[in-house]
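Novice: Here it is, the structure, as structure tokens.
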Amino acid sequence: MQVSPLTRVIALTRAVLLTVALMLVQTQPTSAHYQYNGAGQWRHTSLTWCSYAASIYDGPTASAASSWNAALRLRVNQVLCGPEDIGTYSGDYGCCFDARTVICVVTGGCFSAIPINSDYSYVQIQYNSPYMSNMTDQLKQAIACHELGHSFSLFHVPDTNPPHIMYGDAAYVYRTFGIYYPTIHDLDGVNARY
Amino acid sequence: MRLGVAALLLTLMAACGASASPAASDGSRESLADWHHVDSLTDLVQSADAIARVIVVQKSGEEIVAGGRAPVAFTAYQVRALRVLKGEPGATFTLLQLGRAGDTANTYPEFPLLTSGTEVLVFLRDVSQLPNFQDGRRKFQIVGLEGAYVVTQGRMRSLSSESKLRPVVDGKTTSEVESLILGAVR
């Protein structure tokens, strides 16, 4: 059976393309250095936050917000309350969490779990006073920084190699690595999304 | 035709190269809570006001702690104590668990809600006197992700997939775990 030169060229090209494609797939990152809450995000990059929380949380939150302003385009600045994009609250919520973030979306509803795939309309951060009120300011800042990361679409990373403020336990990251600010990997995640 | 296939492959490759950033974690359901963890059974025992193995009789209501657009919600259960290991919670009492069914602002996949008829070992915080929970009833909260263990055929399993005490407790018999607790209480 005679094979035409054109057919040979096409077969060779396909083989080369498949080989290159396989090489590309194999060089994809094997572990994520940042993850997202879902496809949802802010539609503007100049965000505001204000405090409805006890004053002991304001300094650490302001410092945490400033540290996120190392991002390329996203900015978050403190304003007087109403209206704001991000509101911080504190109270005796009893057990279970040091702090939590709830994300409200433009299509309606607020969410405490991923995936959140609609654009954000409001974010509420709640500091749980039984656990947080006696923390040092740096530890409070670590937790504020982590919650603000959720506000900027970032979700938890699965491990601390390398360390991130977005690891699921911000207090552990602070106590183990002394980190209370976004690392380059956390900022990469924000810069890739905004 | 074959040139078309080659072009399609090239397009796929280009798309592959463009997606070099890590994939988003869209496939799982996990929450945006920064949990307060307890690292050892001894710390858990010492931090609890009461410890009891109970049967969940029924869901008895909900408790809401106000605050902004997304109040924190707890599900309340009436429970009956089978064995009390610490404190004096009473023969029956109200058990509060963080979370509420059907409330997306209070959904915690890693801390599934209890169901009626479940036998569970719980580490409890007495919130009866706290302003946010005070209504004259005796009420206890599960202390956190490390605070609840389901008993099935005499063996323990952490209610939460995120409990740091899973290696210590999961798979052990009720009597083994209760011995560890009583040892830490003394």
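The values are calculated or read from the model by the stated rules, or taken from the named source; none is laboratory data. Keep in mind it's a predicted model, so treat the numbers as computed, not measured. FYI the Cβ positions are ideal-geometry reconstructions off the backbone, even for glycines, and counts take in every protein chain you see. Note: areas computed on protein heavy atoms with side chains; ligands, DNA, RNA excluded. Shrake-Rupley method; radii C 1.70, N 1.55, O 1.52, S 1.80 Å.
Novice: Of the conditions (1) of a type in the set (Ser, Thr, Tyr); (2) open to solvent by less than 60 Å² (accessible area, probe 1.4 Å); (3) without any contact (Cβ under 8 Å) to a residue 12 or more places away in the chain, B:Ser179 clears all except one; give me its number.
Specialist: If we test B:Ser179 against (1) of a type in the set (Ser, Thr, Tyr); (2) open to solvent by less than 60 Å² (accessible area, probe 1.4 Å); (3) without any contact (Cβ under 8 Å) to a residue 12 or more places away in the chain, just (2) comes out false.
Listed here are the residues, each with its yes/no results for (1) open to solvent by less than 30 Å² (accessible area, probe 1.4 Å); (2) among the small types (Gly, Ala, Ser); (3) not in a loop (DSSP other than H, G, I, E, B).
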position: A:Thr88; (1), (2), (3): yes, no, yes
position: A:Val102; (1), (2), (3): yes, no, yes
position: A:Pro115; (1), (2), (3): no, no, no
position: A:Pro130; (1), (2), (3): no, no, yes
position: A:Leu148; (1), (2), (3): yes, no, yes
position: A:Ile165; (1), (2), (3): yes, no, no
position: A:Val173; (1), (2), (3): yes, no, yes
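Novice: Another one. Among all residue pairs at least 6 apart or on different chains, which show Cβ distances below 7 Å where the first residue, located in segment A:97-122, is within 19 Å of A:Trp49 (Cβ to Cβ) and among the hydrophobic types (A, V, I, L, M, F, W, C) and the second is surrounded by fewer than 19 Cβ atoms within 10 Å (Cβ to Cβ) and modelled with pLDDT under 95?
Specialist: Hits for this filter: A:Cys104/B:Arg69; A:Cys110/B:Arg69.
Novice: Does B:Gly144 satisfy the criteria of being outside any strand (DSSP E or B), open to solvent by less than 10 Å² (accessible area, probe 1.4 Å) and among the small types (Gly, Ala, Ser)?
Specialist: For B:Gly144, the condition - outside any strand (DSSP E or B), open to solvent by less than 10 Å² (accessible area, probe 1.4 Å) and among the small types (Gly, Ala, Ser) - is met.
Novice: Follow-up. Sort through B:Leu82, B:Leu44 and tell me the only one that's at pLDDT 95 or above and either in contact with a Lys or Arg (Cβ under 6 Å, 6 or more places away or on another chain) or among the polar types (S, T, N, Q) (or both).
Specialist: Among B:Leu82, B:Leu44, only B:Leu82 is at pLDDT 95 or above and either in contact with a Lys or Arg (Cβ under 6 Å, 6 or more places away or on another chain) or among the polar types (S, T, N, Q) (or both).
Novice: I've got another one for you. Within segment B:35-51, is even one residue closer than 30 Å to B:Gly183 by Cβ, of a type in the set (Asp, Glu), open to solvent by 20 Å² or more (accessible area, probe 1.4 Å) and assigned to a helix (DSSP H, G or I)?
Specialist: Yes, there is a match, as at least one residue in segment B:35-51 is closer than 30 Å to B:Gly183 by Cβ, of a type in the set (Asp, Glu), open to solvent by 20 Å² or more (accessible area, probe 1.4 Å) and assigned to a helix (DSSP H, G or I).
Novice: Residues in segment B:90-136 that are among the hydroxyl-bearing types (Ser, Thr, Tyr), open to solvent by less than 40 Å² (accessible area, probe 1.4 Å) and not in a loop (DSSP other than H, G, I, E, B): how many?
Specialist: 1
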